[in-house]
Amino acid sequence: LKTKVSANEPLVILDVRNSESYAGSDAKIKGAIHVSVRKLKYRLGFPPLKDVPKDRQVVTYCSCPSDEASIKAAHVLMESGFTNVRVLKGGWLEWQKASGPTEPRPRG
């Protein structure tokens, strides 16, 4: 994932960390879209997610100990017809350890 983000490859990264974890962090993976797992199915009907091709690679990540939220989000995506869905093993903590590219998260 780090290589793909650095090369600006066409993929969608979904940050599905819970509100507390997201709010407690100053950053997110570069280009990631934050969305609640609970609202993901609904949000797929609105931009920017409604315009994502179903065969585009989508990577989900969270900060759960066993990637629970990422896995739930991946299931929602696959049930909605997405065919190239991956879970970032280890999520946000592993991304930070790997010094993956990040950007400041939006405020508010």
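The values are calculated or read from the model by the stated rules, or taken from the named source; none is laboratory data. For clarity, every value in this text was computed on a predicted model and none was experimentally measured. No Cβ is skipped: glycine too gets one built from the backbone with ideal geometry, and neighbour counts run over all protein chains shown. For accessibility, only protein heavy atoms count, side chains too; no ligands or nucleic acids. Shrake-Rupley method; radii C 1.70, N 1.55, O 1.52, S 1.80 Å.
For the range 61-80, check the following and say yes or no: at least one residue is within 20 Å of A7 (Cβ to Cβ) and either touching a helix residue (DSSP H, G or I) at 6+ places or on another chain (Cβ under 7 Å) or small (G, A, S) (or both).
Applying the first criterion (within 20 Å of A7 (Cβ to Cβ)) to the range 61-80 yields 61.
Subset that is either touching a helix residue (DSSP H, G or I) at 6+ places or on another chain (Cβ under 7 Å) or small (G, A, S) (or both): 61.
Looking through the range 61-80, at least one residue is within 20 Å of A7 (Cβ to Cβ) and either touching a helix residue (DSSP H, G or I) at 6+ places or on another chain (Cβ under 7 Å) or small (G, A, S) (or both).
If you scan the range 65-74, which residues turn out to be surrounded by fewer than 20 Cβ atoms within 10 Å (Cβ to Cβ) and not hydroxyl-bearing (S, T, Y)? Break it down into steps so the answer makes sense when it comes.
Of the range 65-74, the ones surrounded by fewer than 20 Cβ atoms within 10 Å (Cβ to Cβ) are 65-66, 68, 71-72.
Those that are surrounded by fewer than 20 Cβ atoms within 10 Å (Cβ to Cβ) and not hydroxyl-bearing (S, T, Y): P65, E68, I71, K72.
Quick check: is even one residue across the range 94-107 touching a Ser or Thr at 6+ places or on another chain (Cβ under 6 Å) and assigned to a helix (DSSP H, G or I)? No, the range 94-107 contains no residue that is touching a Ser or Thr at 6+ places or on another chain (Cβ under 6 Å) and assigned to a helix (DSSP H, G or I). When the range 65-80 is filtered for residues that are more than 18 Å from N18 (Cα to Cα) and either of a type in the set (D, E) or under 10 Å from the mean Cα position of the chain (by Cα) (or both), only E79 remains.
Could you please find all residues in the range 20-64 being within 20 Å of K89 (Cα to Cα) and either more than 14 Å from the chain's Cα centre (by Cα) or of a type in the set (G, A, S) (or both)? Scanning the range 20-64 gives S21, S25, A27, G31, A32, S36, S63.
Okay, residues lined up against (1) open to solvent by 50 Å² or more (accessible area, probe 1.4 Å); (2) of a type in the set (A, V, I, L, M, F, W, C):
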{"position": "S19", "(1), (2)": "yes, no"}
{"position": "A23", "(1), (2)": "yes, yes"}
{"position": "I29", "(1), (2)": "no, yes"}
{"position": "V35", "(1), (2)": "no, yes"}
{"position": "Y42", "(1), (2)": "yes, no"}
{"position": "K54", "(1), (2)": "yes, no"}
{"position": "S63", "(1), (2)": "no, no"}
{"position": "V76", "(1), (2)": "no, yes"}
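In the range 87-97, the qualifying residues are those that are within 18 Å of S6 (Cα to Cα) and surrounded by fewer than 16 Cβ atoms within 10 Å (Cβ to Cβ), and the one that is farthest from the chain's Cα centre (by Cα) is K97.
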